[in-house]
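For reference, the structure is listed below as structure tokens.
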Amino acid sequence: MTAADVLWLDPDTVQLRQPKSSHWEAPFLFLLFGRDRAILFDTGATRDERVFPLRGTVDHLIETWLRKHPARVSRPYELVVAHTHAHGDHIAGDALLAARQGAVVVGTTPAEVIAFFGFPSWPDAVVPFDLGGRVIDVIGAPGHEPSAVVFYDAVTRILFTGDTVCPGNLYVRDRAQFAQTIDRLIRFRDATKPRIKHVLGAHVEMSKKPGVDYPPGTVDQPDEAPLALPPSILDEVREALTVVDKHGRPKRRVVRDRFIVVDDPR
Ligand SMILES: [Zn+2]
């Protein structure tokens, strides 16, 4: 068993990473605390607590936070388990948390995501989700995967982009939807004041060498790029989506310094 890499980004926000030693995808997860509930973005790539102790880690983090905020919170304290998207390496741990008292696990189909967050139109809407004194914006973001959403937290000013934008391979499954999602995120970014600070995705696959990635399956990344990307990365992704081959078709692989767009229709 390998413990999660835990990093408190501020007193109410935790970044977790499933260690490479437990699964090469090594996804990042995030836990955000509000007065009435906490929300977890993604549950990792395994449902085996012995491989990656998600349940134990989340329980410990919530206990730790509740101990520091005994008067501020409503009880029983709820945990909402949401997802950046429904691929296996982001939802496998759902089963570990579903049995937890006070846990609400959001379904993984587009219909379930739309219903849970109350999207009046999909995907062209931004809906608020209130943790109690802390409102998260939920933005429709299909293109990598049909149920994908992006979360924005105005407290940390972090945009949580899952696999849609990360320092790695951006697999474009539905090109039109993906481009519309990046446009939507650019509009959101430009309308957000104060300005967004960081874009945090769910994987690091790039090395520190511009344009050089670690191939799928790599379990040791001693020279990996940082997870955080600047908000201007959205313009770079949008530009990369316009690159075509000599037949006018989307280029299979467009390499940029901090990401690689991979045309991967399903
Ligand atoms: Zn994915």
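Quick notes on this structure:
- Boolean, Pro210 is of a type outside the set (Asp, Glu) and modelled with pLDDT under 95: no
- Residue check, Thr156 away from the ligand (no atom under 16 Å from the Cβ) and assigned to a loop (DSSP other than H, G, I, E, B): yes
- Residue in segment 128-142 that is surrounded by fewer than 16 Cβ atoms within 10 Å (Cβ to Cβ) and either assigned to a helix (DSSP H, G or I) or in contact with a helix residue (DSSP H, G or I) (Cβ under 7 Å, 6 or more places away or on another chain) (or both) present: no
- Test: residue in segment 186-200 that is in contact (Cβ under 8 Å) with a residue 40 or more places away in the chain, part of a loop (DSSP other than H, G, I, E, B), touching a helix residue (DSSP H, G or I) at 6+ places or on another chain (Cβ under 9 Å) and over 27 Å from Asp5 (Cβ atoms): no
- Identity of the residue in segment 78-109, polar (S, T, N, Q) and surrounded by fewer than 21 Cβ atoms within 10 Å (Cβ to Cβ), that ends up nearest to the ligand (Cβ to nearest atom): Thr108
- Residue within segment 244-258 that is out of contact with any Pro (no Cβ under 8 Å at 6 or more places or on another chain), closer than 28 Å to Leu9 by Cα and of a type outside the set (Lys, Arg) present: no
- Any hit, segment 215-231, residues being in a loop (DSSP other than H, G, I, E, B), of a type in the set (Ser, Thr, Tyr) and open to solvent by 20 Å² or more (accessible area, probe 1.4 Å): yes
- The residues of segment 72-89 that are in a loop (DSSP other than H, G, I, E, B) and not aromatic (Phe, Trp, Tyr), listed by number, are Arg72, Val73, Ser74, Arg75, Pro76, His83, Thr84, His85, Ala86, His87.
- Any hit, segment 232-246, residues being open to solvent by 60 Å² or more (accessible area, probe 1.4 Å) and closer than 16 Å to Pro27 by Cβ: no
- Looking only at segment 159-185, and only at residues there that are of a type in the set (Phe, Trp, Tyr) and not in a helix (DSSP H, G or I), the one that is surrounded by the fewest Cβ atoms within 10 Å (Cβ to Cβ): Tyr171
- Residue match in segment 17-31 (condition: in contact with a helix residue (DSSP H, G or I) (Cβ under 7 Å, 6 or more places away or on another chain), open to solvent by less than 20 Å² (accessible area, probe 1.4 Å), modelled with pLDDT of 95 or more and not aliphatic (A, V, I, L, M)): yes
- In segment 41-77, the residues that are open to solvent by less than 10 Å² (accessible area, probe 1.4 Å) and touching a His at 6+ places or on another chain (Cβ under 9 Å): Phe41, Asp42, Thr43, Gly44, Phe52
The values are calculated or read from the model by the stated rules, or taken from the named source; none is laboratory data. Since this is a predicted model, take the numbers as computed values, not measurements. Heads up, the Cβs are rebuilt from the backbone with ideal geometry, glycines too, and the neighbour counts pull from every protein chain shown. Please note that ligands, DNA and RNA were not included when accessible areas were found on the heavy atoms of the full protein model with its side chains. Shrake-Rupley method; radii C 1.70, N 1.55, O 1.52, S 1.80 Å.
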